[in-house]
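The values are calculated or read from the model by the stated rules, or taken from the named source; none is laboratory data. The structure presented is a predicted model; accordingly, all values stated were derived computationally and were not measured. Cβ atoms come from the backbone with ideal geometry, glycine included; neighbour counts cover every protein chain shown. We work out accessible area using only protein heavy atoms, side chains counted, and drop any ligands, DNA or RNA first. Shrake-Rupley method; radii C 1.70, N 1.55, O 1.52, S 1.80 Å.
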Amino acid sequence: MGILDRLGVRKVINACGTLTVLGSNRVDSEVLSAMNEVADSFVDMNELLVKSGDYIARLLNVPGALITSGAGSGLVLAIAAAITEGDINKMSRLPFTDGLRNEVVVQYPHTVGNPYVYFINIPGGKLRITGSPRGVSESDIRGALNDKTAAILHFQYEPQEGEVTLSKVIEIAREFNIPVIVDAAAELPPLINLTRFIRMGADLVVFSGGKDIGAPGDTGLILANNLKLLNACRLMSPFSYISVNGQTRVFIGRVMKISKEDIVAFIAALERYISINHEERLSLMNKMADEILSELTAAFPSLKIEKRVNHPGERVRPVTVPKVEVKLPENYTKLYIRLLKEGNPPIYACECDGNLCINTHTLREDEVKIVIKRLKEVISMNPPSK
């Protein structure tokens, strides 16, 4: 009996994507092998953290890098670094930031339906929203910047209606000598995005390791142009012990501990990620989507079913992955999603613009027929009213 059986937890078919609540992504055997290599050894964790970041920087040809315990922790560290700029006394105060430069500017469209804006508050940052439901202008951003501004945080859903694009944000920020932090957690694929935002001039860029990169779900990555801010992130890392007024202190990153197994797993996953054929991966995703589309269309000719990729500004990421969308009345979308989840095996589908979506990003070929069979059963037993 396997461990999941002993726990009474069922494996699910993930037709929704690399979601944290579904275990992020699959972890390849090469990555597991790297974890096993260090599992029964001891290392200096500070040395491992610094040298693994230096290795990634050379691998990607960027100025600096730091592995974190997820994109969320990377974002918190990045904001904390912008507030403290590596000042030990300021670091010791977090999250109490009164009197410090602690405002983080975010465009209004990036805050709508975005729960991750909350991460600004964790290290003591104060959210400063610029723009309105009508959109954001360059003058809105300039008007939000002042002597209390620690950073501009750009959630990378570009191009999103009503926003000022990242390239323009970086240009404005340079005028005011204010750092730009980019949350690009789920912006892979395409592979080019791994370094695109750094090449554009962003100070810090945050990615998730557990999404398309295929590292464990509790890993992430900060890439940096601004090495001063990256060093501040390192100073607040889980393994940092610094004497402050004669007392050894740990900092906000202590609760974001990452294991030696996770660090080497991330390296192995990243090496694999930049070497595999991404065109073949996308071709396979399209093949699976085409099979689902063909079978469902033949079975239910009255339903509107189509293959689609996201509009660039949509929040279901990544935009390049093909999905099969079944257009339904809202109550049927929710019903079908629930019934798929209640089946054996449970199938988790997602909702896109109120419609049922099957995301091929996390499907295996051997799971496609199971998804098709179960969808046919659910729709046949509960046909949508005209």
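The figures follow:
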read-out: Helix-only [θ]222 nm of the chain, DSSP H runs n ≥ 4, -39500 (n - 2.57) each, per residue, nearest 500; value: -12500 deg cm²/dmol
read-out: Candidates 25, 331, 36, ranked by Gaussian network fluctuation over the chain, Cα under 10 Å, top entry; value: 331
read-out: Relative contact order %, the range 118-223, counting alpha carbon pairs below 8 Å whose residues are six or more apart; value: 19 percent
read-out: Beta bridge orientation in the range 11-166: antiparallel %, DSSP, nearest 5; value: 10 percent
read-out: Lysines with Cα under 25 Å of residue 369, excluding same-chain neighbours fewer than 8 positions away; value: 11, 211, 287, 304, 307, 323, 327, 334, 341
read-out: Loop sites in the range 177-283: GluC sites (Glu not before Pro), DSSP, at most 14 other Cβ within 10 Å; value: none
read-out: Accessible area (Å², 1.4 Å probe, nearest 10) - residue 295; value: 70 Å²
read-out: Rounded, prolate or oblate (a/c below 1.5 giving rounded, otherwise prolate when a/b exceeds b/c) for the range 257-386 by Cα gyration tensor; value: prolate
read-out: Debye, to nearest 20: dipole size of the chain, +1 on Lys, Arg Cβ, -1 on Asp, Glu Cβ; value: 660 debye
read-out: Dipole moment magnitude, nearest 20 debye, the range 155-311 about Cα centre, only Lys, Arg, Asp, Glu C-beta charged; value: 620 debye
read-out: Cys residues of the chain counted as unpaired, since no other Cys beta-carbon is under 4.7 Å; value: 233
read-out: DSSP loop chymotrypsin sites (Phe, Trp or Tyr not before Pro) with at most 12 other Cβ within 10 Å: longest gap in the chain; value: 242-386
read-out: Gaussian network model of the chain, springs between alpha carbon atoms under 10 Å - residue of 209, 162, 53 with greatest fluctuation; value: 162
read-out: Translational diffusion of the chain, µm² s⁻¹ [Kirkwood Rh, Cα pairs; Stokes-Einstein; 4 °C; 1.567 mPa s]; value: 58 µm²/s
read-out: DSSP bridge pairs, the chain: antiparallel proportion in percent, nearest 5; value: 60 percent
read-out: Exposure rank, largest accessible area first [369, 341; 1.4 Å]; value: 369, 341
read-out: Where 236, 45 fall by accessible area, highest first, once all protein chains stay in place (1.4 Å); value: 45, 236
read-out: Accessible area of the chain divided out per residue, in Å², using a probe of 1.4 angstrom; value: 46 Å²
read-out: Considering only the range 126-236, percent of DSSP beta bridges that pair antiparallel, nearest 5; value: 45 percent
read-out: In the range 64-161, the GluC sites (Glu not before Pro) that fall in loop regions by DSSP, at most 10 other Cβ within 10 Å; value: 161
read-out: Where labels lie 7 Å past Cα in the beta-carbon direction, separation of residue 306 and residue 243 in nm; value: 6.8 nm
read-out: Portion, in percent, of the accessible area of the range 72-203 that falls on carbon or sulfur, probe 1.4 Å; value: 51 percent
